[in-house]
1. Only residues that are under 25 Å from the mean Cα position of the chain (by Cα) and buried (at least 24 other Cβ atoms within 10 Å of the Cβ): list them for segment 392-405, please.
2. If you go through segment 296-305 one residue at a time, do you hit one that is of a type in the set (Ser, Thr, Tyr) and surrounded by fewer than 17 Cβ atoms within 10 Å (Cβ to Cβ)?
3. Can you pull out the residues in segment 266-323 that are touching a Gly at 6+ places or on another chain (Cβ under 6 Å), hydrophobic (A, V, I, L, M, F, W, C) and over 17 Å from Asp179 (Cβ atoms)?
4. Could you check Gly282 against (1) in a loop (DSSP other than H, G, I, E, B); (2) crowded, with 23+ Cβ neighbours inside 10 Å and say which number it fails?
5. Report the residue count in segment 95-115 for those that are buried (at least 24 other Cβ atoms within 10 Å of the Cβ) and over 19 Å from Asp128 (Cβ atoms).
6. Scan segment 246-270 and report the pairs whose first residue is within 14 Å of Leu393 (Cα to Cα) and whose second residue is among the hydrophobic types (A, V, I, L, M, F, W, C) and away from the ligand (no atom under 12 Å from the Cβ), with Cβ atoms within less than 8 Å and a gap of 6+ or a chain change.
7. Please enumerate the residues belonging to segment 320-375 that are surrounded by 14 or more Cβ atoms within 10 Å (Cβ to Cβ) and small (Gly, Ala, Ser).
8. From the residues in segment 201-234 that are among the hydroxyl-bearing types (Ser, Thr, Tyr) and crowded, with 23+ Cβ neighbours inside 10 Å, which one is farthest from Met340 (Cα to Cα)?
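The numbers here are math on the coordinates, done by the rules we state, and not lab data. Nothing here was measured: the structure is a model prediction, and the numbers come from that model. With ideal geometry, Cβ positions are generated from the backbone for all residues, glycine too; neighbour counts draw on all protein chains shown.
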Amino acid sequence: MTRTYGRKIAVILTTVSMIAAAVPGCGQGKYEKMEVASEETIGEMPEAEESGQVKMSAAEKAGEGAQPEISPSDRERAMAPAPAFTDVSDTVYIKGNQVRLRTAPDTGDDQNIAAVVNIGTALTRTGDSDDWCRINYQGQILYVSKGLVSSQQPQTTQETSAAAQTTVSQSGVSQISLDAGWKYADFSAIKSGTATLYRSESAGRKGITVCVNAGHGTSGGGSVKTQCHPDGTPKVTGGTTGAGATKAIAVSSGMTFLDGTPEAKVTLALAKVFKEKLLAAGYDVLMIREGDDVQLDNIARTVLANNMADCHIALHWDSTENNKGAFFMSVPNVASYRAMEPVASNWQKHQALGENLVAGLKGAGVKIFSGGSMEMDLTQTSYSTVPSIDIELGDKASDHSAGTLDVLASGLLAGVNGYFGKE
Ligand SMILES: [Zn+2]
């Protein structure tokens, strides 16, 4: 996906659905949330960044599957003469979300991003050219691509207007879509959903992003298959999909606890508790799922983590019924599997993360199964380029009360701290 200057951009009006207090699990007011109903990216939608503080691009982090932020055409344009502006004085409205306001009319330089604003934001326009508007925003003279504004106030719901106002205050929350240019994104079959990136507002912010992946919860995910390994080789262990298969269910529905609670409900509940603890401890958090359904299969989730996070932790409970305890799915000790990329370059990091998580859980008093791990050839592992673990917090017979989830989240946080060498 090359960002070509002057390209006509179909701006899809997105629905911003809510913020802060309106949202369960998000009522702190500290981590305001913006939800974009459409996966469509708009214009110059950033991967994930906050005003004045450009997050390291996904590609930079991953070191692969990268696409340059600056295309050749951007470079040429950066050297082009500045556009001529006709003085005007009127009001324009931002048409989409995550729209960048810049100190210069130039998309080839991300250093010039002064603010990121959302749909419905009203701006006083002082200058007009073929491709850019010069605007006043909070006392600054800034520029916005003309295709991203309208002289008509966008049709929005009440919630949308409220969200637009709130997000102007830069809450540090972004919706992240799967970028088709990211490595392995092509292997995903269900990818229209978005993950949510939360920026820690803790004084001790660490600059480390943890992807919290609440296992399961993709409607229709059981009827679609994806390739087990990027190179097309068959699975080397059994599991939900048998050994020898080259394709596996894109996202399974998960098990049901003996008390009748679906696993997907419990993984989500734990994810929310874990998220709050991580943010409070200074970690940024990429939440893959925050409701009962996110249209992101296991490969999409993995690719999002690869590009937007420093590690990936998928939360699960196992389907046995004997309350056997927690463990992580370890990388199978099979030569061909450990020699296959991206496993070859990353499996030792996966193992180290898993061992730290289990140590953290053990330290919190959580029962641990056997040696704390079980070898499993997982789609997640097979596509991960950051330290990545499927952790099984127990099984169908395990207690999953709020008190237990809090203990599990504390143990997982201790494990993350252990892995990254942080307090
Ligand atoms: Zn599961």
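1. Matches in segment 392-405: Glu392, Leu393.
2. Taking segment 296-305 first, the residues of a type in the set (Ser, Thr, Tyr) are 302.
Of the ones still in play, those that are also surrounded by fewer than 17 Cβ atoms within 10 Å (Cβ to Cβ) are none.
No, segment 296-305 has no match at all.
3. Once the filter is applied, which keeps residues that are touching a Gly at 6+ places or on another chain (Cβ under 6 Å), hydrophobic (A, V, I, L, M, F, W, C) and over 17 Å from Asp179 (Cβ atoms), segment 266-323 yields Ala314, Leu315, Trp317.
4. Here Gly282 clears every test but (2).
5. 3
6. Close Cβ pairs satisfying both conditions: Phe257/Ala397; Val266/Leu405; Ala269/Ala402; Ala269/Leu405; Leu270/Leu405; Leu270/Leu408; Leu270/Ala409.
7. Within segment 320-375, Gly325, Ala326, Ser330, Ala352, Gly354, Ala359, Gly360, Ala364, Gly372, Ser373 qualify.
8. Step one: of segment 201-234, the residues among the hydroxyl-bearing types (Ser, Thr, Tyr) are 202, 209, 218-219, 223, 226, 233.
Next, only the ones that are crowded, with 23+ Cβ neighbours inside 10 Å stay: 209, 218.
Working: Thr209: 26, Thr218: 28 Å.
Taking the candidates together, the pick is Thr218.
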